[in-house]
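To start, the structure under review is shown below, and the notes come after it.
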């Protein structure tokens, strides 16, 4: 059921006080959600098992890069509306609505999701509750998980309390997470009773007043909305990358092709940028978890589709490595390669399953002298691949390079002066634009040999 509603007329359900909020798990999702809820005027406590993370957040320090979040966090902490703790019992006693935002990483040796953390969070909360409470899952989980957790919560919670579970999936984009939380494009709530729905309408009152659709549904549908969205976006990316291979062989221009496709309102232009492919902490693990769960349910056609999407995406990385090797005459041994970008996308320092780092490491293993520069992800990259060399500027990465690879489309790379950079590289240097984000003609005119993916430019 989908409906668009106005905000409640009072601060809380039935004219009561605003609900107090806890956020369990203060990683990327949880820290952003906690700070945003405080910005909206709620009293919020964030909970994490990591004392160092709790100390940093309590001091107003964000342990990762996300534009706009540091300011939000500081305002929340300084106002007294936002605090952090390692004590789950404290949060259980404090809050009326508990958002569970812990990670569900890929299980070692399997495509399935590791649900240990989300299970522990719900069970721990239920055990410590002292008053009526709504437990709300925001973590991305395989369909069927929420119903099982709801049964476990009912068994664990103290007798005599009203304790309900609902699912409210998140749709955050790294680099735009603050705006996505404060002004979401939809609010999906699964499994809530009228009481639970009223509580969540109070939490999202400002967004609903601005016209954000409120979609009330069952638990399985709410669980599937997030993974389906990610699977569809991943499919669009892999589709255009598969088409880019055809463009390479046929002499066509994939960027113009994507522009033409994008004018079709049934298709749209977003996520049709051919390039190195997707990475990060969500899309890869989510499509694999969906593939795993679909297999358990016997939905074999979806398994086959997601398998193809994943394989095309991973092949793009090898495709760029092959381009670099070919450019160097068949071997990159002792050739100097400048790599621009390490994060899986701009406006983040997240290097989880980063295509850029994967390519850089692959070339390093083939004997290349690789120098990586990223405006924000240098330190996080160094922790994962300490064997790579890291520069402190675009110019340092490009210096004496035989080949330069643009692997993350940061604005500083898109707007760089190609003539000035060529003066630092080796004569006859090639730039491989693995994100098709550079002005190709300007780089060619400056003297570079330009190569894109599926780009007859």
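Values quoted throughout were computed directly from the atomic coordinates according to the rules given, and no laboratory measurement underlies them. All values reported here derive from a predicted model rather than from experimental measurement. We place every Cβ from the backbone using ideal geometry, glycine too, and count neighbours over all the protein chains shown.
Remarks
- Label-to-label distance, nm, for residues given as residue 446 and residue 59 (7 Å Cα→Cβ offset): 4.0
- Beta bridge orientation in the stretch 2-217: antiparallel %, DSSP, nearest 5: 15
- Relative contact order %, the chain, counting alpha carbon pairs below 8 Å whose residues are six or more apart: 13
- By DSSP, the beta bridges lying fully in the chain are antiparallel in about 10 percent of cases.
- Residue 90/residue 265 FRET efficiency (R0 45 Å; Cβ-Cβ; nearest 0.05): 0.35
- Treating each Cα of the stretch 2-217 as one equal point scatterer and applying the Debye formula with no solvent, the log10 of I(q)/I(0) at q = 0.17, 0.18 Å⁻¹ comes out as -1.26, -1.42.
- Taking Cα atoms only, the orientation of helix 355-365 departs from the longest principal axis of the chain by about 50 degrees.
- With Cα atoms defining each centre, the stretch 123-157 and the stretch 386-416 are spaced 46 Å apart in the structure.
- Between residue 412 and residue 396, residue separation times 0.36 nm minus the direct Cα-Cα distance comes to 4.4 nm.
- Computed across the stretch 260-369, the Kirkwood hydrodynamic radius from all distinct Cα-Cα pairs reaches 16.0 Å.
- Here the mean projected area of the convex hull built on the C-alpha positions of the stretch 145-276 is 10.9 nm².
- Scaling the Cα radius of gyration of the chain by the globular reference 2.2 N^0.38 Å produces a ratio of 1.06.
- Over the stretch 201-317, equivalent-ellipsoid semi-axes from the Cα gyration tensor in Å: 30, 21, 12
- Measuring spread by the Cα atoms of the stretch 273-334 yields a radius of gyration and Dmax of 15.7, 50 Å.
- Spacing of the modelled spin labels on residue 179 and residue 249, each 7 Å from Cα toward Cβ, amounts to 3.9 nm.
- Cβ crowding within 10 Å averaged over residues, with 361-370, 412-421, 18-27, 153-162 ranked highest first: 18-27, 361-370, 412-421, 153-162
- Rounded to the nearest 10 degrees, the angle from helix 219-250 to the longest Cα principal axis of the chain is 10 degrees.
- Separation of the stretch 16-54 and the stretch 62-97, taken as the distance between their Cα centroids, equals 4 angstrom.
- Per-selection Kirkwood Rh - the stretch 313-425 (Cα, Å, 1 d.p.): 13.7
- Kirkwood Rh and Cα Rg combined as Rg over Rh, evaluated for the stretch 110-164: 0.99
- Computed helical MRE - 222 nm, the chain, DSSP H runs ≥ 4 contributing -39500 (n - 2.57), nearest 500: -13500 deg cm²/dmol
- Label separation (residue 123 vs residue 307): 3.4 nm, computed from points 7 Å beyond Cα along the C-beta direction.
- Between 0 and 90°, nearest 10: helix 116-128 axis offset from the chain longest Cα axis: 20
- Whole-Å semi-axes of the ellipsoid equivalent to the stretch 89-207 (Cα gyration tensor, √5λ, descending): 22, 21, 12
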